[in-house]
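J.: Please see the structure below; I have some questions.
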Amino acid sequence: MPIAFKKKVAVMTGHCEIEEAESLFAWLNEEVSRQVNLKALVSAHTAVYQVLLAKKPKVSVWPESEKLIWLTKMMNNKSNVWCE
């Protein structure tokens with residue numbers, strides 16, 4: 001399973017499909033202090049990225065993949081506007 005939901009952290013690995021977006025959104029809405037571990041995330045459906053960017057949960061571990069540097073930058077930007 002690409003997302004392992006633990007008590008306080010969702011560990012995302014590999015590729016997360018569109019089906020994961022709804023469960024991630026619901027899980028994050030249950031408690032505001034929940035975090036995501038993106039270390040092993042390789043890619044995701046745009047719906048999953050939209051959940052992450054809309055909710056901006058605390059990230060316990062950032063992605064190792066250099067392809068996801070844009071996600072790191074956008075999640076760290078408080079204004080939801082990203083320019084390089």
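The values are calculated or read from the model by the stated rules, or taken from the named source; none is laboratory data. Treat the numbers as computed from the prediction; the structure is a model and nothing was measured. Counting neighbours? That spans all protein chains shown, and the Cβs are built from the backbone with ideal geometry, glycine included.
J.: Out of everything in the range 1-29 that is part of a loop (DSSP other than H, G, I, E, B) and among the aliphatic types (A, V, I, L, M), what residue ends up being farthest from the chain's Cα centre (by Cα)? Explain how you work it out, then say what you get.
T.: Here is the first cut: in the range 1-29, the ones part of a loop (DSSP other than H, G, I, E, B) are 1-2, 6-8, 17-18.
Filter again for among the aliphatic types (A, V, I, L, M), leaving 1, 18.
Working: MET1: 15, ILE18: 13 Å.
Selected residue: MET1.
J.: Right, ALA44: under 17 Å from LYS67 (Cα atoms), surrounded by 16 or more Cβ atoms within 10 Å (Cβ to Cβ), at pLDDT 95 or above and among the aliphatic types (A, V, I, L, M) or not?
T.: Numbers: under 17 Å from LYS67 (Cα atoms): yes; surrounded by 16 or more Cβ atoms within 10 Å (Cβ to Cβ): yes; at pLDDT 95 or above: yes; among the aliphatic types (A, V, I, L, M): yes.
Here the answer is yes, as ALA44 does meet what is asked.
J.: Which pairs do you get when a residue that is more than 21 Å from GLU31 (Cα to Cα), found in the range 1-14, comes within reach of a residue that is surrounded by 11 or more Cβ atoms within 10 Å (Cβ to Cβ) and modelled with pLDDT under 95, reach meaning Cβ atoms under 7 angstrom, with the pair 6+ apart or on two chains?
T.: Filtered contacts from the range 1-14: THR13/PRO2; GLY14/PRO2.
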